[in-house]
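K.L.:
Just dropping this structure here.
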Amino acid sequence: MMKHTLLFSFALLAVGSVAAAEEDSGKNMDPGAAPAEAISKWQDMRFGMFIHWGPVSLKGTEIGWSRGQQIPIEEYDNLYKRFNPVKFDAGAWARTAKAAGMKYMVLTTKHHDGFCLWDSGATDYDIMATPFHRDVVKELSEACRKEGIAFGTYYSVCDWHHPAFPLGSPGGRTKKPHPDLKAYDKYLQRQVTELVTKYGPLVTMWFDVPQVYGADLGIPMVQKLRALQPDLIINNRAYAQPGRKKGFSKQRGVGDFDTPEQRIGAYQEGRPWETCMTICRQWAWKPNDNMKSLDQCIRTLAVCAGGNGNLLFNVGPMPDGRIEPRQVQRLKEMGEWLRKYGESIYGTRGGPVKPGQGFVTTRKGDVVYLHVFDTAPDEISLPALPRNVKSVEILGGGGSAEISRGSDTWTLKLPAARRKPIDTIVKITLDASAMDLEAVDPPTDFRGAKASNVFQNQTKNLGPAMATDGNPATRWATDRGTESCWIEAQLAKPTVIRGIEIDEAPQYVGRVEAFTVKVKTGKGEWKTVAEGGKLGKFRAKFDPVSATAIRLEISKASDGPTISEIRISR
């Protein structure tokens, strides 16, 4: 997976003449698109398994990226000689995905390190050269079909091992002595053709990190794949988009869907998206890696669906071929939840209310599913929809509920005593379809936010507004090495508040070591209402104060602070 957002810019600078030629030659080419029915069927699935695996699992470091960094290149490139995952059972992997409620699977057939998990006629650097000597892609594709799981393949466009690809390890930042991009293109096209023709039909071809592989080569390659399999869905990382000077996240014109990585995408209807995210911290297996709680896993899935996106959830199998038992158990727990509440995820689309403070909505036909998390207030306000409510019930045996309707808002009372762990799902049946309703913004306590620092200036994805959007899956992030910073949020109107809640993003808890919380009074003065050391999940109550803004000042941090949510209490 791509880890360094500046890598693509570096690659373009390193081979600037190639990029310029690509921009000119790729302007008038059309890569085509997958049929709308194929994309809709993929969206209906909503939940898939991503798998990053290879000889690097023997070392427990990151796949591709650790080549030439944590592991010397010569050692890394010879790990395959010791790779013998005798406990690999393709059927067990497929059954785990099925038990988790996943509807499709995407396997990293070749990562940036160039090693191939199938019997490729284009190279000897593949699984057949290992002591294991079994075609993993073949076995897994067959097992998935047996279990009713759609199968797809990940294929890294860059190849830091192949001598013809211009860039190499570490991290795609070095130049090869004898690059030949056209020769590499022939190699790449031969391999992706093998994947489609030998192991297809595939639900998706998932490309990654094109670097200097531009539109002049990538578009014909995609056209060829679409000719081989017209309903093949292709992501937005198949080639470097002409004219773009940043990474894959800007490639909205490429492929059939966007791929927000390690974050949940923003609500959008015009173009499908799929969040790719790890169940632990690392993509490849790492001993004792930090694993997400069931709460985090379920919320991530629900918020993806509420934003009208899919979740491709990654596991990294161990060197013996097994998916780590604790990861299997967590996935099975997700599956148990989906067996109870899957109707609110599968086959739905996001909306008709965009993600709000502690809730998201999904819809299917004449039903709106309101997913309520523990960060939501007891009274949840929704914009009034141009429909009448026929019934309201809490899924999972929670009984009925009532919505009071005003001129502009619907209000649902849902006190803590009536809520379920993780996600309380309220099924609202309307008197007509909800599918043609335009998605509307939720009510909000805030009208804007600003901060002293944003991670690599990614204000859209990691800016201060992400900490006040009511979405626990988004976050405001600061640059690595940031030791002090501040975030300030303006209230939508002067509000009497009695408390504040601040959450560090779960995977970054502990970075904040000293902080102060202030509110701006109606007189325009800043008043300190709380302070502390470690932040984590911070909760504070104080005497009522009429405020127009709140401000978190972090005076000491061990690394760049990352805040997922700031909420006020009335």
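The values are calculated or read from the model by the stated rules, or taken from the named source; none is laboratory data. Here the structure is a predicted model, which is why all the values come from computation and not from measurement. For neighbour counting, all protein chains shown are included, and Cβ atoms are generated from backbone atoms with ideal geometry for every residue, glycine included. What goes into the accessible areas is simple: the full protein's heavy atoms, side chains included, and nothing from ligands, DNA or RNA. Shrake-Rupley method; radii C 1.70, N 1.55, O 1.52, S 1.80 Å.
K.L.:
Would you compute, from DSSP H runs of 4+ residues alone, the mean residue ellipticity of the chain at 222 nm, taking -39500 (n - 2.57) per run and dividing by the full residue count, rounded to the nearest 500? Show your work: numbers first, answer last.
P.N.:
On the way: 11 runs with 122 residues, N = 570.
Result for the chain: -6500 deg cm²/dmol, rounded to the nearest 500.
K.L.:
What's the magnitude of the charge dipole for the range 268-308 around its Cα centre, counting Lys and Arg as +1 and Asp and Glu as -1 at the beta-carbon? Answer in Debye, nearest 20. The partial results should precede the final answer.
P.N.:
On the way: 5 positive and 4 negative charges, 27 e Å.
Charge dipole of the range 268-308: 120 debye, to the nearest 20.
K.L.:
I'd like the FRET efficiency for Phe542 and Gln268, computed as 1/(1 + (r/R0)^6) with the beta carbon distance as r and R0 of 41 Å, rounded to 0.05.
P.N.:
Numbers: r = 38 Å, r/R0 = 0.94.
Efficiency, from the Cβ-Cβ distance: 0.60.
K.L.:
Shifting gears a bit: Find which of Ile345, Val254, Gly321 sits farthest along the positive direction of the dipole of the range 229-353, computed with +1 on the beta-carbon of Lys and Arg, -1 on that of Asp and Glu, about the Cα centre.
P.N.:
Result: Val254.
K.L.:
Which entries in the list Lys41/Lys340; Lys354/Lys518; Lys292/Lys537 go over 20 Å, if you measure between the two C-alpha atoms of each? Please report the intermediate quantities before stating the final value.
P.N.:
Numbers: Lys41/Lys340 22 Å; Lys354/Lys518 29 Å; Lys292/Lys537 16 Å.
From the list (Lys41/Lys340; Lys354/Lys518; Lys292/Lys537), the Cα-Cα distance tops 20 Å for Lys41/Lys340; Lys354/Lys518.
K.L.:
Quantify, in whole percent, the carbon and sulfur part of the accessible surface of the chain (1.4 Å probe; protein heavy atoms only). Kindly include the intermediate steps, with their values, before the conclusion.
P.N.:
On the way: 10920 of 22210 Å².
With neighbouring chains kept in place, the figure for the chain is 49 percent.
K.L.:
Helix 90-99: angle to the longest alpha-carbon principal axis of the chain, degrees 0 to 90, nearest 10?
P.N.:
Helix 90-99 sits at roughly 20 degrees to that axis.
K.L.:
Which translational diffusion coefficient, to the nearest whole µm²/s, is obtained for the chain from the Stokes-Einstein equation, given a Kirkwood hydrodynamic radius over C-alpha pairs, 20 °C and 1.002 mPa s?
P.N.:
86
K.L.:
May I pose another question? All other residues with a Cβ under 10 Å from the Cβ of Ile149 taken together, and with Lys, Arg as +1 and Asp, Glu as -1, what is their net charge? Don't jump to the answer; show the numbers that get you there.
P.N.:
Numbers: positive: Arg95, Lys98, Lys103, Arg145, Lys146; negative: Glu147.
Local charge sum for Ile149: +4.
K.L.:
Relative contact order for the chain: what is it in percent, counting Cα pairs under 8 Å that are at least 6 residues apart? Mind dumping the intermediate values first?
P.N.:
Values: 1352 pairs, mean separation 68.8, N = 570.
Averaging sequence separation for qualifying contacts and normalising by length gives 12 percent for the chain.
K.L.:
Which aspartates and glutamates have a Cα less than 14 Å from the Cα of Lys527, not counting those fewer than 8 places away in the same chain?
P.N.:
Straight-line reach from Lys527, under 14 Å: Glu488, Asp543, Glu553.
K.L.:
In debye to the nearest 20, how big a dipole does the chain give about its Cα centre with +1 on each Lys and Arg Cβ and -1 on each Asp and Glu Cβ?
P.N.:
Numbers: 76 positive and 65 negative charges, 179 e Å.
The calculated dipole for the chain is roughly 860 debye.
K.L.:
Identify, among Ser293, Gly214, Ile264, the residue whose Cα sits farthest towards the positive end of the charge dipole of the range 190-309, taking +1 on the Cβ of Lys and Arg and -1 on the Cβ of Asp and Glu, with the dipole about the Cα centre.
P.N.:
Positive-most Cα among the choices belongs to Gly214.
K.L.:
Same structure again: What net charge do the residues around Arg46 carry, taking every other residue with its C-beta under 12 Å from that of Arg46, with Lys and Arg at +1 and Asp and Glu at -1? Mind showing how you got there, number by number?
P.N.:
Values: positive: Lys41, Lys103, Arg349, Lys364; negative: Asp44, Glu274, Glu343.
Cβ neighbours under 12 Å give a net charge of +1.
K.L.:
Can you tell me the dipole magnitude for the range 57-173 around its Cα centre, using point charges on the Cβ only (Lys, Arg +1; Asp, Glu -1), in Debye to the nearest 20?
P.N.:
Details: 14 positive and 14 negative charges, 93 e Å.
Dipole of the range 57-173, to the nearest 20 debye: 440 debye.
K.L.:
Which percent, to the nearest 5, of DSSP beta bridges fully inside the chain are antiparallel?
P.N.:
On the way: 75 of 108 bridges.
The answer is about 70 percent antiparallel.
K.L.:
Another question, then. What does the charge count around Trp486 come to, taking other residues whose C-beta lies under 10 Å from its C-beta (Lys +1, Arg +1, Asp -1, Glu -1)?
P.N.:
Net of charged neighbours comes to +1.
K.L.:
Sticking with this structure for a sec: If you roll a 1.4 Å probe over the heavy atoms of the protein chains, what accessible area per residue do you get for the range 152-197, in Å²?
P.N.:
Values: 1740 Å² over 46 residues.
Here the residues of the range 152-197 average 38 Å² of exposed surface.
K.L.:
Right, something else. So what are the ³J(HN,Hα) numbers for the range 552-558, from phi and the Karplus equation (6.51, -1.76, 1.60; θ = phi - 60°), rounded to whole Hz, Gly and Pro as x?
P.N.:
Computed from phi, the couplings for the range 552-558 are 10, 10, 9, 9, 8, 8, 7 Hz.
K.L.:
Now a separate question. From the residues Gly510, Pro201, Pro544, which one has its Cα farthest along the dipole of the chain in the positive direction, the dipole being from +1 and -1 charges on Cβ of Lys/Arg and Asp/Glu about the Cα centre?
P.N.:
Pro544
K.L.:
For the range 185-233 and the range 55-76, what is the separation of their Cα centres, given in Å?
P.N.:
26
K.L.:
Longest span of the chain, sites excluded, free of GluC sites (Glu not before Pro) in DSSP loop with at most 10 other C-beta atoms within 10 Å?
P.N.:
Values: sites that count: Glu402, Glu438, Glu525.
The segment 1-401 is the longest one with no such site.
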